[in-house]
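Student: Shown below is the structure under consideration.
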Amino acid sequence: MRRNIVAGNWKMYKNLEQTRELVNRLKTNLDVDLKGTSVIVCPPFTSLSLASTLLQGSEIQLGAQNMHQEEEGAFTGEISAGMLIAAGCRYVILGHSERRQYFKETNELINTKAKKAIAAGLKPIICVGELLEEREKGITEQVVAAQIRGVLNGFTQSDLESTIIAYEPVWAIGTGKTATPDQAQAVHQFIRKIVGQSHTWALAERLVIQYGGSVKPDNAAELFAQPDIDGGLVGGACLKADSFTQIVKCAIS
Ligand code: PGA
């Protein structure tokens with residue numbers, strides 16, 4: 001049976017002091033039986049080390065929001081998978097739509113990064129999702145299928161076992177517009193079908209597929225109740241301890 005995974009993508013928010021406050025509050029709020037649900041916080045790079053120290057002894061795990069594909073070198077401003085591991089990360093978000101849009105990341109680059117992440121011992125949370133105009137044109141499935149095939153190109157069975165997919169319709173990110181549970185479920189089921197075709201049905205059945213895009217305490221339960229939705233990747237609502245806690249509680253079953 002698949003476990004729900006809820007990850008908070010802090011984006012470019014929270015300095016050290018704010019990190020301390022949020023992590024400490026989450027630790028207190030989530031000191032409950034998570035019943036196998038994984039909870040991950042993904043602060044900015046500058047807060048990873050502090051968050052890792054604060055999270056010692058807690059079940060909350062740590063992730064980063066991006067990484068570079070090379071192990072080391074003259075890449076000013078970049079961070080490697082090994083550095084993330086050393087900072088206490090176990091997960092890394094890759095190919096977020098903001099990285100695709102503002103930093104021109106392609107499926108090919110995301111695929112390279114994901115393989116490097118896995119080789120280093122990180123679990124990538126790989127984001128896919130269509131733009132509003134693509135949904136309106138009725139090509140959501142084509143777009144998502146191309147993204148999935150691209151980002152998972154050459155993945156072995158064991159690579160896929162370490163991978164999480166986040167379906168995030170771009171029109172729902174930070175907009176307050178959530179995909180309806182039915183719309184999200186349909187795409188999640190479709191992603192599973194694509195992975196079943198490219199790999200095996202057994203692997204596709206085990207693949208964790210999170211939903212992201214304006215997940216809030218008042219819509220999380222209905223989204224997470226869908227058969228192919230395995231938790232969420234949360235942006236805005238993860239910046240407050242109370243709303244993130246409520247969302248996590250919707251994922252604990
Ligand atoms: P949102 O962001 O919850 O603010 O829509 C989700 C994300 O960007 O991962």
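Student: Taking Gln142 as the residue in question, decide whether it is over 19 Å from the mean Cα position of the chain (by Cα) and within 16 Å of Asn107 (Cα to Cα). Before you say what the answer is, go through the steps one by one.
Tutor: Working: over 19 Å from the mean Cα position of the chain (by Cα): yes; within 16 Å of Asn107 (Cα to Cα): yes.
Spelling it out, Gln142 is indeed over 19 Å from the mean Cα position of the chain (by Cα) and within 16 Å of Asn107 (Cα to Cα).
Student: Can you tell me which residues in segment 229-244 are open to solvent by 20 Å² or more (accessible area, probe 1.4 Å) and charged (D, E, K, R)?
Tutor: Passing the criteria: Lys240, Asp242.
Student: Sticking with this structure for a sec: I'd like the full set of residues that are of a type outside the set (A, V, I, L, M, F, W, C) and in contact with a Lys or Arg (Cβ under 9 Å, 6 or more places away or on another chain), limited to segment 226-239.
Tutor: Result: Asp228, Asp230, Gly231, Gly235, Gly236.
Student: Taking only segment 211-243 into account, find how many residues are of a type in the set (A, V, I, L, M, F, W, C) and more than 18 Å from His96 (Cβ to Cβ).
Tutor: Pass one, segment 211-243, residues of a type in the set (A, V, I, L, M, F, W, C): 215, 220-221, 223-225, 229, 233-234, 237-239, 241.
Adding the requirement that they be more than 18 Å from His96 (Cβ to Cβ) leaves 220-221, 223-225, 229, 241.
Total meeting the criteria: 7.
Student: Here is a check on your reading of the model: is Ile247 near the ligand (Cβ under 10 Å from one of its atoms), in contact (Cβ under 8 Å) with a residue 12 or more places away in the chain, surrounded by 23 or more Cβ atoms within 10 Å (Cβ to Cβ) and under 24 Å from Pro44 (Cα atoms)? Give the steps one after another, and end with the answer.
Tutor: On the way: near the ligand (Cβ under 10 Å from one of its atoms): yes; in contact (Cβ under 8 Å) with a residue 12 or more places away in the chain: yes; surrounded by 23 or more Cβ atoms within 10 Å (Cβ to Cβ): yes; under 24 Å from Pro44 (Cα atoms): yes.
Yes.
Student: Further, regarding this structure: How many residues are within 11 Å of the ligand (Cβ to nearest atom), more than 17 Å from the chain's Cα centre (by Cα) and among the polar types (S, T, N, Q) if we restrict to segment 168-197?
Tutor: Adding up the residues that qualify gives 1.
Student: For residues in segment 81-101 being over 20 Å from Thr53 (Cα atoms) and assigned to a strand (DSSP E or B), which is nearest to the ligand (Cβ to nearest atom)? Lay out the reasoning, then the answer.
Tutor: Narrowing segment 81-101 to residues over 20 Å from Thr53 (Cα atoms): 93-101.
From what is left, the residues that are assigned to a strand (DSSP E or B) are 93-94.
Details: Ile93: 8, Leu94: 12 Å.
It comes out as Ile93.
Student: Could we say that Glu78 is free of Cβ contacts under 8 Å to residues at least 12 places away in the same chain, of a type outside the set (Lys, Arg) and not in a loop (DSSP other than H, G, I, E, B) here? Steps first, please.
Tutor: On the way: free of Cβ contacts under 8 Å to residues at least 12 places away in the same chain: yes; of a type outside the set (Lys, Arg): yes; not in a loop (DSSP other than H, G, I, E, B): no.
So Glu78 does not fit the description; no.
Student: Of the conditions (1) within 16 Å of the ligand (Cβ to nearest atom); (2) among the aliphatic types (A, V, I, L, M); (3) at pLDDT below 95, Ala7 fails just one. Which one is it?
Tutor: (3)
Student: Now a separate question. If I ask for residues that are touching a residue at least 40 places away in the same chain (Cβ under 8 Å), in a helix (DSSP H, G or I) and within 16 Å of the chain's Cα centre (by Cα), which ones from segment 207-236 would you list? Don't jump to the end; show me each part of the working.
Tutor: Let us first name the residues in segment 207-236 that are touching a residue at least 40 places away in the same chain (Cβ under 8 Å), namely 207-214, 219, 222-236.
If we keep only those that are in a helix (DSSP H, G or I) too, we end up with 222-224, 236.
Of everything in segment 207-236, those that are touching a residue at least 40 places away in the same chain (Cβ under 8 Å), in a helix (DSSP H, G or I) and within 16 Å of the chain's Cα centre (by Cα) turn out to be Leu223, Phe224, Gly236.
Student: Also: Give the number of residues within segment 158-175 that are among the small types (Gly, Ala, Ser), in contact with a strand residue (DSSP E or B) (Cβ under 7 Å, 6 or more places away or on another chain) and farther than 10 Å from Gly129 by Cα. Please lay out each step first, then the result.
Tutor: Here is the first cut: in segment 158-175, the residues among the small types (Gly, Ala, Ser) are 158, 162, 166, 172, 174.
Those still in the list that are in contact with a strand residue (DSSP E or B) (Cβ under 7 Å, 6 or more places away or on another chain) too: 162, 166.
Retained after the next criterion (residues that are farther than 10 Å from Gly129 by Cα): 162.
Residues meeting the conditions: 1.
Student: Any idea which of Lys35, Lys104 is in contact (Cβ under 8 Å) with a residue 60 or more places away in the chain, open to solvent by 50 Å² or more (accessible area, probe 1.4 Å), part of a loop (DSSP other than H, G, I, E, B) and of a type outside the set (Ser, Thr, Tyr)?
Tutor: Working: Lys104 fails: in contact (Cβ under 8 Å) with a residue 60 or more places away in the chain.
None of the others qualify; the one that does is Lys35.
Student: Of all residues in segment 61-75, how many are open to solvent by less than 50 Å² (accessible area, probe 1.4 Å) and either hydroxyl-bearing (Ser, Thr, Tyr) or in a loop (DSSP other than H, G, I, E, B) (or both)?
Tutor: Keep residues of segment 61-75 that are open to solvent by less than 50 Å² (accessible area, probe 1.4 Å), which gives 62-69.
Keeping just the survivors that are either hydroxyl-bearing (Ser, Thr, Tyr) or in a loop (DSSP other than H, G, I, E, B) (or both) gives 65-69.
Counting residues in segment 61-75 that are open to solvent by less than 50 Å² (accessible area, probe 1.4 Å) and either hydroxyl-bearing (Ser, Thr, Tyr) or in a loop (DSSP other than H, G, I, E, B) (or both) gives 5.
Student: Quick check: is even one residue across segment 200-218 in contact with a Pro (Cβ under 9 Å, 6 or more places away or on another chain), open to solvent by 60 Å² or more (accessible area, probe 1.4 Å), more than 15 Å from the ligand (Cβ to nearest atom) and modelled with pLDDT of 95 or more?
Tutor: The answer is no; no qualifying residue exists.
The values are calculated or read from the model by the stated rules, or taken from the named source; none is laboratory data. Because the structure is predicted, anything quoted here is derived from the model rather than measured. Cβ coordinates were reconstructed from backbone atoms using ideal geometry, including for glycine residues, and neighbour counts include every protein chain displayed. The area values use the complete protein model at the heavy-atom level, side chains included, leaving out ligands, DNA and RNA. Shrake-Rupley method; radii C 1.70, N 1.55, O 1.52, S 1.80 Å.
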